[in-house]
Structure formats: structure tokens, C-alpha cells
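Participant: Quick one: structure below, then a few questions.
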Ligand code: ADP
């Protein structure tokens, strides 16, 4: 009976073959939200009966975490597509060979393909070496991801599977749209439809003309309507110009990037393509981020057992060596410590913030100057602020569970995940009104408190005094236990599962397929 019902349901939905291309994939390789999305969205699409496969580089730290990994194909890249002087083994003197490994995404039936190449066989992070410096051949490393995606997309590999849609993410997958359109226009091959998701416009993959030539990209793409970008070229521009559909990870950010301030020189192009541009909010993995079952926190809790959250607060204070004060507002930050996140604005006003009855914990890594300034404050006021530098997935869960409020003063935030985790964990998000933060947190104004819709504290301007005001307001709200409890409960009741967003992606794929069919020649962009 159940099976018959399931079959009926699956027959109603369109079933696509989707190649999802990303430079990050949790738990194999993650530096930020992209890793989380690459994990959760494909799982949610699989649950909607889609045939989705993920393609990532086989970083050694990713391969180490993969179970039952096997080689399923070798791909000889066309000479023209990828030059032989990049340290890749030359086959027959002309061609370059990579292997495709296959494993399953943990806890799912989603197939993950990893590209094995010397270019990825290094320690560090996907983008940086152990000294936190970008690899100087990242253009080659990620161009390889694009070239391999195109070979698979065109059904020219032993993978024996040709997708209907190629879904590229961020600049590292930006050339796919351009290369596939080249297949279509110049080689008259029927290409799959293309969707490109912007997770962050600030990273655009900009490299010189010399590198463009070395990469042997199709020469005709070098013009300012296509890949050229102020005498250099940009990977992300390839995704924006050529993809059948472009989206970003929140409706507000989709609007913001069409303005100069957030468009990084491509706002004109984005508004030109606005009919193909949309915003779909990220969801969260409701299983992994569930305070009632999370194995990484000290004490599980739910709306019905909110009091148990307190045990996690004590655990956070203990971990960070802070005085165990039950009734002091415990604030936290888990983030990449970079300009985007507005950490400098908190730092500039730290003296005043610490005059308030608060404690602060910070987990993060990134900019060395920000790290050292945080350390100075923690040396000066060890009873009030403590930091842990580095990446620690399990501690990030404990912090979400144990702190009272999460500070996200981002200058821009395409979607943001930590405010969503905070809502789910009964932790009040304090956010700047931008991008996905504006779309997901409702300010604790009198009106919103009265009608029970408030879920956090939202401030407008990106400056220190507004952050102090927001934290002062949070501290006042915290003193009223009823209001605080109401805020916690309203947040915990929010629904940010991936299911609804995944359905929106299905619609986007349908539109991309429709657009691909009517897309014979792309119109030059007038900037
Ligand atoms: P972004 O992608 O810009 O970094 P998001 O809020 O979308 O920001 O996602 C950040 C993700 O990375 C969250 O899951 C967050 O918990 C995680 N994260 C960031 N820094 C750390 C860290 N130092 N340790 C553990 N998790 C981290």
C-alpha cells in the first residue's frame, strides 16, 4: 500500500537527471555555507525522486572521509580543452587523463563523483595552502572541474549518464555555462540546460588574459559581453552571461546584487538578465541541526524542554573558561572572520559592548588581523570574552545550543545559515537587515512582539553604534523572561526545511529547460 502510494507520487513529479557541480560538499570539504547547501539540496531533490549526482574535486581530505569509494571512469580531456603543461599526465602525448571516483553522500543515496587529479592532491583547504594563502593555480584547478563537468554533461565519458541539467555553483563552476554554450553554438551539439547559483558575488574568480590563453578557453569568449572583465576575465561572469537560469540564495540578495554596491562591477549584467534571475532561500538540514537529537551538544532539548538548553550554556561557558553565570546574556559568533561578516564593527565597539552585562564567545578563523584583535580583547577581559580560532564543526553545534543570542552584523549576506540554525536552537539572532538575514528574521518591535511574529533583533545600518543599540535591546529583552521565551519559541517554530526550497529548484530547472529550447543565440549584453 505504502509503495503504491509512493510510486504514484513519484510518477506525478518531473524526473530530471541533474549534475550538481561544486567546490565544496559537507562532510567531505566545507569552508562555509556552500558546503552545507551542496549536501542538503541534492538530498532534498533526491527525496523528490530526482536522479541527482554531485561532482567535486577529489581533495585528499575528502577522499579520506569517503566510504566504499571506487573508480568508475577515466576521462581523457580534449587537447584543446585542457593544456598538457599543467603537470597532468600526458596520455598519447596529447591528451590529459583524470579519474572519476564514486561514493555516496553519507546518510543518503546521492552519488558523489570526485575528480582525481594531481591538481587537487594537496593538503590545506579547497582554496588555501596551510599558510592561509590562495593556491596560485586556482584558475587551473577549478577550470578542470568545469572541463570535466562539460565532458560528463555531453555524455562523452564512461560515466554513461547524461544529465538534463547542469547546476553550477559559484565562480568555481562559472565556466560551465560558457563552455556548454560553445558546444551548442559552434559544435552544434545538443547541450543540457544550465542553472547557475550565486552563493556569494564577492568571489568572482578573476584572472589575467595570459591565464585565459594558457587555459585554452575558446578565444571568441574574450570580449566584454562574455568572459572579459576589465582587461582580465572572470569565471563567475561565464555563469551569469550564459546560464539558462541564474539564481541566488535569497530573494533580497537577488535584488541587492543588481545594485552597484553589491554587484561588484556586474550589477549591470545582473539587471540586464533580471528576467532570468531569481532568489530561492536556502533551507537547513533539519536532521543534522535538530536540538532534540543533536549528538554534538551536551543536553538535547525541544520547545517543551527549553529549560534543558541551560545545560548547554554551562557547557559552553566551561569549554571557553568563562565564569558560569546562569543569568548573564551569553552572546556568540561562529563565522569566517572576514570583512563581509562585519566582525570589525563589533571589534571597534568592543569596549562599550563589554560594559553591558554580557559574555561573548567567538569561534572562527580567517583574517589574521581580526584574529589578533579578538585575541587582544580576550586577553584584556578574559571573564567576558573568549575565542577559539580554527574550524570546529562539533563546537559550532554546542555554541548554537548553549548561547542565548547569535551576532551576525554582516555587511552583506547572500542567505546566511547561522541565523537559521539559531532560530531552530532557540537562540535569538541579532542580524543586520541585509540579504537572507532580512528575509528570515523578524525584528522584536512592539508590533511584532504583540502579534507573536518576532524572532530576533534586526538593525539597519552597518555601523558600530547600531550594533551597540541592538545588543543593548537584546540585553533588555533578555531581562524579561516571558518575552525572551516567546522569542525563542517563535523562532523554533519557523520552518526552514529544504523541502520547500527544493520544490522551487525543480521549477527553476523546468524553466531552464524551457529557456534552453528557445535559446538559439545569446544576445550580447549591453553594460
Ligand atoms: P558563509 O557561507 O558566508 O561562510 P553561512 O552562514 O552561509 O556563511 O555559512 C557558514 C557555515 O559555516 C555555517 O554552517 C557555520 O556554522 C560554518 N562555520 C563557519 N566558520 C566555522 C568555524 N570556525 N567552525 C565551524 N563551523 C563554521
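Here, each number is a calculation from the coordinates, and none is a lab measurement. Keep in mind that what you see is a predicted model, and the values were worked out from it rather than measured. Here the Cβ is made from the backbone with ideal geometry for all residues, glycine too, and neighbour counts use every protein chain on show.
Participant: Take peptides 411-424, 291-304 and line them up by average Cβ neighbours within 10 Å, highest first, as a rough protection proxy.
Facilitator: Most protected by this proxy first, the peptides run 411-424, 291-304.
Participant: Given the Cα-Cα distance of residue 74 and residue 136 and 0.36 nm per residue of separation, how much length would full extension add, in nm?
Facilitator: Extra length available between residue 74 and residue 136 comes to 19.7 nm.
Participant: Please give, to one decimal in nm, the separation of the simple spin-label points placed at residue 453 and residue 225, each 7 Å out from Cα toward the Cβ.
Facilitator: Going from the residue 453 label point to the residue 225 one covers 4.5 nm.
Participant: What order do you get for 127-135, 247-255 when each peptide is scored by the mean count of other beta carbon atoms within 10 Å, highest first? Each step should come with its number before you reach the end.
Facilitator: Values: 127-135: 12.3, 247-255: 23.1.
Those peptides, ordered most packed to least, come out 247-255, 127-135.
Participant: Over segment 405-456, what is the mean sequence separation of C-alpha contacts under 8 Å (at least six apart), divided by residue count, expressed as relative contact order in percent?
Facilitator: Reported relative contact order: 35 percent.
Participant: Sticking with this one: Would you calculate the volume per residue, in Å³, of the smallest convex hull containing every Cα atom of segment 82-241?
Facilitator: So the per-residue Cα hull volume is 141 Å³.
Participant: Express as a percent, rounded to the nearest 5, the fraction of DSSP beta bridges in the chain (both residues included) that run antiparallel.
Facilitator: Within the chain, antiparallel bridges account for around 30 percent of the total.
Participant: How many angstrom lie between the Cα centre of segment 376-453 and the Cα centre of segment 118-176?
Facilitator: Here the answer is 32 Å between Cα centres.
Participant: Quote the relative contact order of the chain in percent (integer), defining contacts as alpha-carbon pairs under 8 Å separated by 6+ residues.
Facilitator: Details: 1064 pairs, mean separation 65.6, N = 527.
Once divided by the residue count of the chain, the mean separation gives 12 percent.
Participant: Ok, one more. Distances over 20 Å make up what percent of all Cα-Cα pairs in segment 303-495? Spell out each step's value before the answer.
Facilitator: Working: 9203 of 18528 pairs.
Counting every Cα pair in segment 303-495, those more than 20 Å apart make up 50 percent.
Participant: I've got another one for you. If R₀ is 22 angstrom, what is the calculated FRET efficiency for the pair residue 278 and residue 499, using the beta carbon separation as r and rounding to 0.05?
Facilitator: Details: r = 18 Å, r/R0 = 0.83.
Here the calculated transfer efficiency is 0.75.
Participant: For the residue pair residue 336 and residue 15, what label-to-label distance in nm results when each label sits 7 Å from Cα along the Cα-to-beta-carbon direction?
Facilitator: So the two model labels end up 3.8 nm from each other.
Participant: Okay, next question. When ranked by the protection proxy of mean other Cβ atoms within 10 Å per residue, highest first, what sequence do the peptides 364-371, 136-143, 62-69 form?
Facilitator: Top to bottom by mean Cβ count within 10 Å: 136-143, 364-371, 62-69.
Participant: Just to confirm the number: angle between the C-alpha axis of helix 309-319 and the first principal axis of the chain, 0 to 90 degrees, nearest 10?
Facilitator: 80 degrees
Participant: Suppose we look only past 38 Å in the calculated P(r) of the chain. What percent of the Cα-Cα pairs does that tail hold? All intermediate terms of the calculation are to be shown ahead of the outcome.
Facilitator: Values: 40352 of 138601 pairs.
Here the tail beyond 38 Å accounts for 29 percent of pairs.
Participant: Spin-label point model (7 Å from Cα, Cβ direction): what's the residue 465 to residue 310 distance in nm?
Facilitator: With each label point 7 Å from Cα toward Cβ, the separation is 3.9 nm.
Participant: What percent does the relative contact order of segment 303-495 come to when contacts are Cα pairs within less than 8 Å and at least six residues apart?
Facilitator: Reported relative contact order: 22 percent.
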